[in-house]
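Have a look at the structure below, then the notes.
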Amino acid sequence: MKHNTHCRHVHQLGSTLLELMVAIAILSVVSGAILSQLGQASQRIGAEQVKVDNFDEARDFVDQFFRDINQIGYPNGHIQNPPPSINSSAVAVGLVKISATSVWFEGDINGSGVVQSVQYIINGSGTCTLCLQRSAVPKITANPLTGQTAADWGTEVNDLITTTIFTYFDTNGNQVVALPADIVNNPATIASVKTIHISLTIQNNAVMDPKTHQPIQTSFEGEVSLNNCSMAAGGAMTC
């Protein structure tokens, strides 16, 4: 009787140990699957956060650009009699130079009465090839194109991969294709611009999408219509 009882205890102990090992194995598999899912979820969250950050960076740039360019051509030559030359530091000539990767214009962007020479351009400082940068300095009495010096470059957007940032349209909605153009050599083209379209694509090669295993890309577009009171055509305001 005692022998049978002992055998039963040994058998029960063996069964319990086996069941425990099976339970641990199942728990390990389930835990591994959960941890794997958590890891993938964390990667996706990180990727989405990068996209949000890039989108916010692009949006902030476009907002700054819109604020600046809303003051284009103000104060203009109509406030003085006789109208000043385009070289005067007291008057903003409007657009100065345009290209697919840059916009240069004049305006009182701070509301202080001081005309600023403003440039948005890729690698304006010469030290950041994939950055879209901004310079805004007080205009001096000199040629708007050749007499002004940009300074205090600030980086607005990093990791750009687009080759065309700015696209221009006239009052009829036709794309201005004769680029680059400037107020000295192509005044009629400069004076015709009514709308500027902005297209940004940002790609950080150090951050990969966990699904596609490709660098994350973020795109942003915007468009602004401007009161282009340009002094480009004939040295007189067109508005």
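The numbers here are math on the coordinates, done by the rules we state, and not lab data. None of these values were measured; they are calculated from a predicted model. Cβ coordinates were reconstructed from backbone atoms using ideal geometry, including for glycine residues, and neighbour counts include every protein chain displayed.
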Neighbour-count order for Asp182, Asp56, fewest beta carbons within 10 angstrom listed first: Asp56, Asp182
Globularity index of the stretch 47-225, i.e. its alpha-carbon radius of gyration over 2.2 N^0.38 Å: 1.11
Which distance in nm do the two modelled labels at Asn205 and Thr141 give, with both placed 7 Å along the Cα-to-Cβ direction? 5.0 nm
Stokes-Einstein at 20 °C, 1.002 mPa s, Kirkwood radius from Cα pairs: D for the stretch 143-239 in µm² s⁻¹? 133 µm²/s
Eligible aspartates and glutamates near Lys51 by straight Cα distance, threshold 17 Å, same-chain separation 8 or greater: Asp60, Glu156, Asp159, Asp209, Glu221
